[in-house]
1. Would you pick out the residues in segment 105-117 that are of a type outside the set (D, E, K, R) and more than 19 Å from SER162 (Cα to Cα)?
2. Has segment 36-54 got at least one residue that is out of contact with any helix residue (DSSP H, G or I) (no Cβ under 7 Å at 6 or more places or on another chain), hydrophobic (A, V, I, L, M, F, W, C) and not assigned by TED's automatic domain parsing to the domain that holds SER106?
3. Among the candidates PHE136, PHE121, single out the residue that is surrounded by 14 or more Cβ atoms within 10 Å (Cβ to Cβ), part of a helix (DSSP H, G or I), more than 19 Å from the chain's Cα centre (by Cα) and without any contact (Cβ under 8 Å) to a residue 60 or more places away in the chain.
4. Against the conditions (1) touching a residue at least 24 places away in the same chain (Cβ under 8 Å); (2) farther than 19 Å from LEU54 by Cβ; (3) part of a loop (DSSP other than H, G, I, E, B), where does LEU103 fall short? Just the number, please.
5. Over 30 Å from HIS168 (Cβ atoms) and aliphatic (A, V, I, L, M): does that describe ALA122?
6. Could you please find all residues in segment 1-47 being among the acidic types (Asp, Glu) and either modelled with pLDDT of 90 or more or in a loop (DSSP other than H, G, I, E, B) (or both)?
7. List the number of the failed condition for ARG82; all other conditions in (1) among the basic types (Lys, Arg); (2) crowded, with 18+ Cβ neighbours inside 10 Å; (3) out of contact with any Ser or Thr (no Cβ under 9 Å at 6 or more places or on another chain) hold.
8. Here is a list: THR159, THR98. Which entry is at pLDDT 95 or above and over 22 Å from TYR34 (Cα atoms)?
Amino acid sequence: MNRTLELPPEQLSTDQQSIFERLTAGRGRILGPYKIWIHSPPVASGMEQIGTFLNKKSSLSPREVEIGILVIAQHWQADYVRQAHIREGKRVGLAQETIDAILAGSDPKLTDPHERAVHRFASALVSGAKLSDKEFAEIEAAIGRAGIAEVLVLLGYYTSVSMAMKVHEVPIPPQA
């Protein structure tokens, strides 16, 4: 059962209407998690700013973003997010074998040092592993302090998306 409570535009508060207009101006519609977050306009506003940053202004490439999202979606067994980002991962050029390896928790044999660092960092974080100083320095050398901060926020943001979609039992999109 889909537990999302969609508010018709005429029932939105002034604050919700402002967020609604911002979301639909850029996307033409409100995406799944925003249908949940709009019930708290400050949350929806903050998450919109983070989501827009991650998708349009981040130092991470679209492929690196998708690698991180696939790691966190698999960690939370977030079927909706996983399925949506298998499709998006393919769209940005990740090979099916790479996606399969990430989802299996194995080494995707990434050749790009930035992509490899994002995967290594995200995988260590979701496994609960403590990075050694040497490992941290290697990741920092590849993606920089900005990249480290952005991977952390990416994982946190998509943890929230994953939880929102799971708890509201949003239907899983068709397979890519």
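The values are calculated or read from the model by the stated rules, or taken from the named source; none is laboratory data. If you're wondering where the values come from, they're calculated on a predicted model, not measured in any experiment. Here the Cβ positions follow ideal geometry from the backbone for every residue, glycine too, while neighbour counts run over all protein chains shown.
1. Scanning segment 105-117 gives SER106, PRO108, LEU110, THR111, PRO113, HIS114, ALA117.
2. yes
3. PHE136
4. Every listed condition holds for LEU103 apart from (3).
5. no
6. Of the residues in segment 1-47, the ones among the acidic types (Asp, Glu) are 6, 10, 15, 21.
Answer for segment 1-47, where residues must be among the acidic types (Asp, Glu) and either modelled with pLDDT of 90 or more or in a loop (DSSP other than H, G, I, E, B) (or both): GLU6, ASP15.
7. (3)
8. Among THR159, THR98, only THR98 is at pLDDT 95 or above and over 22 Å from TYR34 (Cα atoms).
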